[in-house]
Amino acid sequence: MSCYLTTGKHLSFYASFGTVLLLLAVTAPVSLGFGFAGAMAARARLTPLSWLGKGYIAIVRGVPDIAFFLFFVIALDQGIEYLLHQVRCPDWTDPIRQGADFVVCDSAKMPLNSSPQWIHEVYGFSLAVLTFAIVFGAFAGNVLQGAMNSVPRGQIETAEAYGMTHRQAFWRILVPQMWIYALPGLSNLWMVLIKATPLLFLLGVEDIVYWARELGASKQARFTDYPHGDWRMWYFLALLIFYLAFTRVSEIVLDRLTLKLSHGQATVGGEAQRKAA
Amino acid sequence: MKNLILSTAALALTAGIASADVVRLGTEGAYPPYNFLNDAGEVDGFERELGDELCKRAELKCEWVTNDWDSIIPNLTSGNYDAIIAGMSITEERAEVVDFTQGYTQPSPSAYAALAEGLDVNTAVVSAQSSTIQAAHVASTGATLVEFPTPDETVAAVKSGEVDAVLSDKDYLNPIVAEGGLVFLGDVYLGGGIGMAFRQSDDELRGKFDAAIASMKADGSLNALLAKWEIEGQF
């Protein structure tokens with residue numbers, strides 16, 4: 001049994017948990033950054049910038065995730081290769097699109113054909129992070145925009161009365177106070193993001209769902225030292241426990257964060273804390 | 001400065017040569033005995049040994065990549081790998097999008113398998129892997145087709161009673177039926193043998209593999225491999 005659980009395949013399975021956690025660890029701050037930038041742009045007084053921010057939030061929020069994942073990654077990959085092709089192989093005369101084929105010169109391939117497999121995997125993973133960040137960034141942008149508008153107007157008025165510039169009032173008064181309004185929305189997004197990680201497989205990254213399915217599939221004695229029937233139920237049960245445990249831990253952390261951010265705020269939570277103290 | 005340009009050019013040139021030598025082979029990794037992941041998580045099976053031998057004969061450095069069956073052709077044409085070697089039967093529909101080498105197996109039988117004998121496969125509910133010749137065949141009969149993304153799921157559906165029978169390559173079903181539980185209902189001959197698929201713009205590479213397959217047929221080493229993995233039909 002212990003031998004079975006430590007086969008190369010199982011080690012890849014365990015490693016894929018790391019992949020998922022890494023994806024979350026990288027994607028969450030990056031999408032928060034995208035969202036913040038989007039919200040700031042949407043609130044900008046410069047009209048084109050405001051359109052850009054609003055457009056980003058509206059369009060990406062309106063497109064189904066799966067369609068976005070299928071379309072955007074291919075478009076991005078081919079776009080990068082097309083640009084590289086223009087730079088590195090200016091003398092190339094053959095058309096890039098030949099029927100169904102997308103052909104660029106060898107040195108424009110991303111990553112290069114000669115690169116070891118792990119580079120291909122890192123590249124695929126980065127595309128995945130970027131795509132997740134753009135999708136969830138749009139939702140985060142909407143949440144943050146709402147949060148910024150929820151900070152009582154009196155706070156900003158007071159800041160202006162003290163002679164703060166628009167920029168100072170934004171960074172010193174608005175941003176520190178908006179998080180308590182943003183947190184419920186952001187925590188929802190975090191939960192959805194955790195559960196959206198199996199989309200990774202759509203992008204060619206071998207995630208936990210891929211390995212669970214592969215390991216759970218029935219195996220015949222000719223092809224493995226450990227033949228077994230259909231064990232997918234048990235592997236998926238393990239995934240269920242993993243996701244439940246992970247979201248539970250997240251909930252605990254988010255609850256503590258809410259408590260902390262409520263401190264001194266003119267909200268029901270903040271008021272309750274003040275009375276208890 | 002001149003030196004710098006020269007050395008960059010030299011580097012770019014060698015990089016070009018090096019990259020031309022690596023051929024990425026795309027496979028599914030879920031279709032024993034053709035291709036599957038062994039306990040160590042590496043690609044194994046008939047096509048692994050065949051592909052390695054072909055690359056040796058064509059003097060190419062090859063790297064194995066696994067890809068979902070459903071997107072295996074689009075990912076070839078968009079250039080994620082250079083060849084498909086995944087138990088893919090040569091059919092006219094596929095040949096419109098990709099170019100095949102000569103077959104490296106004989107046109108082999110597909111077989112129906114079910115829990116018990118005496119089932120009319122032309123009226124039953126039959127499972128097959130999506131985008132396969134078997135799925136196309138079931139759809140062309142009077143049977144109800146239920147498609148699954150992986151071969152394993154097509155068999156699991158029979159065992160769980162979700163469908164009445166499965167239609168798949170007989171070579172794939174043989175070890176499963178041998179272990180008990182399922183019985184064969186009959187064979188149908190579909191497709192024109194299994195070949196490697198290449199981008200239509202990649203004739204040169206296809207030629208190299210085609211020649212290597214021909215040389216393996218000529219010296220009998222292909223027959224030895226087919227026999228070793230118990231795949232029906234010899235050349």
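Taken together, the values in this text are just the output of simple stated rules run on the coordinates, not laboratory data. None of the values given here were measured: they were computed from a predicted structure. With ideal geometry, Cβ positions are generated from the backbone for all residues, glycine too; neighbour counts draw on all protein chains shown.
Just checking the listed ones, A:VAL60, A:VAL20, A:VAL104: in the Gaussian network model of chain A with Cα springs under 10 Å, the one fluctuating most is A:VAL104. Cα to Cα, under 13 Å, and not fewer than 8 places away if on the same chain: which aspartates and glutamates meet these conditions relative to A:LYS219? Cross-link targets: A:ASP230, B:ASP39, B:ASP152, B:GLU153, B:GLU179. Pairwise Cα separations in the range A:78-160 fall into 10 Å bins from 0 onward with the following percentages, short to long: 14, 26, 22, 14, 11, 10, 2.
With respect to chain A, whose longest principal axis is taken over its alpha-carbon atoms, helix A:47-62 is tilted by about 50°. Rounded to the nearest 10 degrees, what's the angle between the helix A:117-150 long axis and the longest principal axis of chain A, both from Cα atoms, 0 to 90? That works out to roughly 20 degrees.
Here is the tail figure for the range B:109-189: Cα pairs spaced more than 21 Å apart come to 12 percent of all pairs. Each of A:HIS120, A:HIS263, A:HIS10 was scored by other Cβ atoms within 10 Å of its Cβ. Listed from fewest to most, they are A:HIS263, A:HIS10, A:HIS120. Let a ≥ b ≥ c be the square roots of the eigenvalues of the Cα gyration tensor of chain A; is it rounded (a/c under 1.5), or, if not, prolate (a/b larger than b/c) or oblate? Because a/c hits 1.5 or more and a/b fails to exceed b/c, chain A counts as oblate.
If R0 is 60 Å, the Cβ-Cβ spacing of B:SER215 and A:MET191 corresponds to a FRET efficiency of close to 0.55. Remark: spin-label model distance B:GLN102-A:ALA75 equals 4.5 nm, labels positioned 7 Å along the Cα→Cβ axis.
Need one value for B:206-215: mean number of C-beta atoms belonging to other chains within 10 Å of its residues' C-beta atoms.
Numbers: counts 0, 0, 0, 0, 0, 0, 0, 0, 0, 0.
Counting Cβ atoms of other protein chains within 10 Å of each residue's Cβ and averaging gives 0.
To the nearest 10 degrees, how steeply does helix A:232-262 sit against the main Cα axis of chain A, on a 0 to 90 scale? Helix A:232-262 sits at roughly 20 degrees to that axis.
Of the DSSP H helices in chain B, those that are both long (alpha-carbon extent of 27 Å or more along the helix axis) and hydrophobic (Kyte-Doolittle mean at least 1.0) are B:2-21.
Stretch A:THR247-A:ALA67 to full length: gain in nm at 0.36 nm per residue minus the Cα-Cα span? Let's see the in-between values first.
Working: separation 180, 0.36 × 180 = 64.80 nm, distance 2.58 nm.
Fully extending the segment from A:THR247 to A:ALA67 adds 62.2 nm.
Springs join every pair of Cα atoms under 10 Å in this Gaussian network model of chain B, and among B:LEU119, B:LEU190, B:LEU173 the largest mean-square fluctuation is at B:LEU119. What is the Cα centroid distance between the range A:9-67 and the range A:162-188, reported in whole angstrom? Each part reduced to its Cα centre gives a spacing of 20 Å.
Residue separation times 0.36 nm, minus the C-alpha to C-alpha distance between A:GLN86 and A:THR47: what's the value?
Numbers: separation 39, 0.36 × 39 = 14.04 nm, distance 3.40 nm.
Fully extending the segment from A:GLN86 to A:THR47 adds 10.6 nm.
Loop-resident chymotrypsin sites (Phe, Trp or Tyr not before Pro) (DSSP state other than H, G, I, E or B) in the range A:162-223 with no more than 13 further Cβ atoms inside 10 Å of their Cβ: A:TYR162. Beta bridges per DSSP, both residues in the protein assembly as shown: antiparallel share near 60 percent.
Report Rg(Cα)/(2.2 N^0.38 Å) for the protein assembly as shown, keeping two decimals.
Numbers: Rg = 28.0 Å, N = 512, 2.2 N^0.38 = 23.5 Å.
Dividing the Cα radius of gyration by 2.2 N^0.38 Å gives 1.19.
Per-residue Karplus couplings for the range A:65-72, computed as 6.51 cos²θ - 1.76 cosθ + 1.60 with θ equal to phi - 60°, are listed in order as 3, 5, 4, 5, 5, 6, 6, 5 Hz, Gly and Pro entered as x. Among A:GLU160, A:GLU214, A:GLU251, determine the one that fluctuates most according to a GNM of chain A built with springs between C-alpha atoms less than 10 Å apart. Most flexible of the set in this elastic network: A:GLU160. Remark: mean inter-chain Cβ contacts per residue of A:99-111 equal 5, using a 10 Å Cβ-Cβ cutoff to other protein chain atoms. Within straight-line reach of B:LYS217, meaning a Cα separation under 25 Å, sit the following lysines at least 8 residues removed in sequence or on another chain: B:LYS56, B:LYS61, B:LYS170, B:LYS208, B:LYS228. Taken one residue at a time, the phi angles of the range B:59-70 give Karplus couplings (6.51, -1.76, 1.60, θ = phi - 60°) of 6, 10, 9, 10, 10, 9, 10, 9, 8, 3, 4, 4 Hz. Gly and Pro are set to x.
How well do other chains shield peptide B:71-84, expressed as the mean number of their Cβ atoms within 10 Å of each residue Cβ?
For peptide B:71-84, the averaged partner shielding equals 3.
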